[in-house]
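Okay, structure first, notes after.
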Amino acid sequence: MKTCALCNIGFSDGVQCAACKGYLDFGCAGISENGWRRLGSDRRSTWKCPACRISSPSPSPALTPEPVSIETVLHEIRDIKAQLINLPCLLESIKTMKEELNSLKVSHDFNSGQLQDFSTRLTGLETRMVTLERLQDSVQSLQSDVDTIKSEQAASDQRSRLNNIEIKGIPLRKDENLFSILDKVSDGVKFALPRTQINYISRVPTYNSREKSIIVGFLNRYVKEDFVAAARLCRDLSTRDLGFDGPSNRIFVNDHLNSGSKKLLNKTRLLAKERDFRYVWVKHSKIHVRRQDGSPVIIISSERDLNKLN
């Protein structure tokens, strides 16, 4: 007899996680007994529980191979910026040299040797100025490459969450059964959700908060979108409605956004309120804004898009 690592209930037959070595019954593992048998010994030996799949997700394939790493690019930028520090002084020196040269040209007792010396120095300074201007252009180009790489990484991260939802507001309880909690939420929003549609379910920490949200991964994106739509119709859903003891907390069901998208959503909401836009919502992990009924929808993908809210 073994004890399930998720619900702490004893069972005689179940599965074992290859990562944490914990035992789970078939219900908490999110797999049927027949499905487990059909995996074969090789796949069973590498099977991971939902919590371990969340903590060590498979890396998303890169969209396009990059010739250099971000660290290399940033190192080059720092070197170039260090060379640009003296640019104002060099420009001031060039200005001074040109003034001296003009003064010498109009002087009757102009010394030809001095003229040649100043001309040589001026040519050298002008050459350095041209080089530094080219370096400045390189810095801007490299910075643009860094911004593009970061943007692509953020987009790839968000795409990996398209089948996920985030449930907030449900207090953490010892020995809780997340599948049972999800069943209560499904009943609360009047949406029939079979467990066979769940890929994984787990608690994850919330940034800058003691609360831990519940992340649910769906096998079918359309089922996930229908579930979120049903939840949004229940605007006042609370823990008391679902039979939880204690204070009544509002329950929120949303797309699973990464940290960058959440920050952009907060900025969008503040600016929309300031500029009298009535509607801000997230669909397919994209931020949508509309001034009023019948107005065109604006998609906010980056902070630059906030300039569209005029």
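A short reminder: the numbers here are calculations on the coordinates, not readings from a lab. Source: prediction; values computed, not measured.
For region 273-282, in order, what is each residue's ³J(HN,Hα) by Karplus, 6.51 cos²θ - 1.76 cosθ + 1.60 with θ = phi - 60°, in whole Hz (x at glycine and Pro)?
5, 5, 10, 6, 8, 7, 10, 9, 8, 10
Around Ser213, which amide H atoms from residues at least 5 apart in sequence, or from another chain, sit under 5 Å from its own amide H, with H modelled in the peptide plane?
Val204, Thr206
Suppose we keep just the alpha-carbon trace of region 164-255; what are its Rg and Dmax in angstrom?
Calculated on Cα positions, Rg and Dmax stand at 12.3, 34 Å.
Strictly greater than 23 Å: what percent of every Cα pair in the chain meets that?
Here the long-distance tail beyond 23 Å is 71 percent of all Cα pairs in the chain.
Going by alpha carbons, how many degrees (0 to 90, nearest 10) lie between the helix axis of 87-105 and the longest principal axis of the chain?
Helix 87-105 sits at roughly 10 degrees to that axis.
Beyond 18 Å, what share of the Cα-Cα pairs of region 70-158 is found? Please give it as a whole percent.
Beyond 18 Å sits 60 percent of the P(r) for region 70-158.
Number of Lys-Lys pairs in region 215-310 under 21 Å by Cα, sequence gap 8 or more or different chains?
Count of close lysine pairs: 19.
Sequence neighbours fewer than 8 away in the same chain don't count; with that in mind, list the lysines whose C-alpha is under 23 Å from Lys105.
Qualifying lysines at Cα under 23 Å: Lys95.
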